[in-house]
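Just below is one structure, and these are the notes that go with it.
Coordinate-derived values only; no laboratory data. Note that the coordinates shown come from a computational prediction; the quantities given were computed from them, not determined experimentally. Glycine also receives a Cβ, built like all others from the backbone with ideal geometry; neighbour counts cover every protein chain displayed.
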2 protein chains.
Amino acid sequence: MILDSETKAVELPEDHGDEIRLWLRLLTCTTLIEGEVRGRLRERFDVTLPRFDLMAQLDKVPDGMTLSDVSKRMMVSNGNVTGLVERLVESGHLDRRTSDTDRRVQVIRLTKAGRAEFRRMAAEHQTWIADIFSDLSPKDVRELMRLLAKTKGSAQKSAQKRALQA
Amino acid sequence: MILDSETKAVELPEDHGDEIRLWLRLLTCTTLIEGEVRGRLRERFDVTLPRFDLMAQLDKVPDGMTLSDVSKRMMVSNGNVTGLVERLVESGHLDRRTSDTDRRVQVIRLTKAGRAEFRRMAAEHQTWIADIFSDLSPKDVRELMRLLAKTKGSAQKSAQKRALQA
DNA sequence: GCCAATTACTTGAACCCTAAAGAAATCTGG
DNA sequence: CCAGATTTCTTTAGGGTTCAAGTAATTGGC
């Protein structure tokens, strides 16, 4: 921070080129991998990535989750989940019922067929991911995990700050 | 690889949990930051992230690019670019003309107003990114850059393999 | 018990995105 | 020169995504 001739606070334009380049590289990596996974899911199982992700969330919980839970876990909007779930119920992968204790709440879970189908996809999906990251040593993986955890924390803090100002 | 009692090749299910966790963390980081940037762009400039990204590509080249170039650089489909460009031409940010030497080719560039608007947005955008990554030390940034470069290489190799098989 | 605030979800408009098919222009080998 | 292949872009169908507004159910203060 610098004080100019009229004694007002002035920000000098600092150089944030490194951070921008880091962000672009992070984005490129994710886009690349996401596209690859999307393509393989489509080719092999004729399923979209969002549907796969939703089923992955549900596979972890035998008793199902509410739409809000799913929305938070997937970091997507409520309206988005409504549509996704609708199509997956339609195709028989999901079971949906209104909660007994709160009639606003919809509880969804995988059907037997949906779970079987997901397990089949997940097994292959795992090998794709392993292949995609295969040039990284175990040490690289650990180090990347650590740095991404730090990045996530930093980003959350920044998002938190903004949320409070608004 | 293992040979079973009938001497057929069998793959044991290996544990790829670390790679999956790494991929999920990478995806979480990107989604988090992307959402934050999207929200701020909308709030401050009422512009979408894809439009900002397209303008960023064009800001780097005074003489414009073809739609195919943009499509490759942004890693999105051709049809997607067609629509995006249409809307940005409509709003006066972009200028679009058919190439003199090849009438299939459309060359787009920023208009004067478009470039000015982008520069204004980019300046703020930079500070957001810097803030989002502010917990990372310069060393962290360097190390992350290195590991992501390696990841990108690995992913590209994997994608290449698949492309050849198909 | 009642009403205001909150919560959970749905709907609608606008946009983003892909894959596949199609149209137009160019290139290439004979 | 010209027919087939290729390249560039557009179009279409089907989703995915957000935000904002709206509906229904629940909660909490009084």
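Convert each backbone phi in segment A:40-45 into a coupling constant with the Karplus relation 6.51 cos²θ - 1.76 cosθ + 1.60 (shift: θ = phi - 60°), then list the ³J(HN,Hα) values in order as whole Hz, x for Gly and Pro.
5, 4, 5, 4, 7, 10
Which distances, shortest first and in nm, link B:Ser134 to the matching position in the other copies, using label points set 7 Å out along Cα to C-beta?
4.3
Just in segment B:28-94: which trypsin sites (Lys or Arg not before Pro) are loop by DSSP and have at most 15 other Cβ atoms within 10 Å?
Hits after loop and neighbour filter: B:Lys60.
What number, in nm² with one decimal, is the all-direction average of the projected area of the convex hull of the alpha-carbon atoms of segment A:18-166?
Over all viewing directions, segment A:18-166 projects a mean Cα-hull area of 11.6 nm².
Can you grab the distance from the C-alpha centre of segment B:112-137 to the C-alpha centre of segment B:30-88, Å, no decimals?
Each part's Cα centre sits 14 Å from the other's.
Return the sequence-ordered ³J(HN,Hα) values of segment B:62-76 in whole Hz as given by the Karplus equation 6.51 cos²θ - 1.76 cosθ + 1.60 applied to θ = phi - 60°, using x for Gly and Pro.
Coupling constants for segment B:62-76: x, 8, x, 9, 7, 4, 4, 4, 4, 4, 5, 4, 8, 6, 10 Hz.
Loop by DSSP (not H, G, I, E, B), at most 16 other beta-carbon atoms within 10 Å: where is the longest site-free stretch of chain B for GluC sites (Glu not before Pro)?
Of all site-free stretches, the longest is B:15-166.
Could you give each residue of segment B:154-163 its phi-based ³J(HN,Hα) in whole Hz, using Karplus coefficients 6.51, -1.76, 1.60 with θ = phi - 60°, and x for Gly or Pro?
Along segment B:154-163, the couplings run 4, 5, 5, 4, 5, 5, 4, 3, 5, 4 Hz.
Name the nearest-to-axis residue of chain A, judged by Cβ distance to the rotation axis taking chain A onto chain B, and quote that distance in whole Å.
A:Thr30, 2
Let me check against my output: what whole-number percent is the relative contact order of chain B, with C-alpha pairs under 8 Å and at least 6 apart?
The value is 16 percent.
So the label point sits 7 Å from Cα along the Cα-to-Cβ vector; using that for B:Asn80, what distances do you get to the other copies, in nanometres, sorted shortest first?
Distances between equivalent label points, in nm: 1.4.
Treating the point 7 Å from Cα along Cα-beta-carbon as the label, what are the nm separations from B:Thr66 to the other copies, to one decimal?
Result, one decimal in nm: 5.4.
Divide the volume of the convex hull of the Cα atoms of the protein assembly as shown by its number of residues and quote the answer in cubic angstrom per residue.
Taking the convex hull of the Cα positions in the protein assembly as shown, it is 198 Å³ per residue.
Using the structure shown, select from A:Lys112/B:Lys161; B:Lys112/B:Lys152; B:Lys72/B:Lys152; A:Lys72/A:Lys150; A:Lys60/A:Lys157; A:Lys60/A:Lys112 the pairs with a Cα to Cα distance greater than 24 angstrom.
From A:Lys112/B:Lys161; B:Lys112/B:Lys152; B:Lys72/B:Lys152; A:Lys72/A:Lys150; A:Lys60/A:Lys157; A:Lys60/A:Lys112, over 24 Å: A:Lys112/B:Lys161; B:Lys112/B:Lys152; A:Lys60/A:Lys157.
With runs of 4+ DSSP H residues as the only contributors, calculate the mean residue ellipticity of chain A at 222 nm using -39,500 (n - 2.57) per run, divided by the residue total and rounded to the nearest 500.
Values: 6 runs with 110 residues, N = 166.
Using -39500 (n - 2.57) per qualifying helix, the result is -22500 deg cm²/dmol.
Calculate the mean, over all residues of peptide B:131-143, of how many other protein chain Cβ atoms lie within 10 angstrom of the residue's Cβ.
Whole-number average of other-chain Cβ neighbours for B:131-143 is 6.
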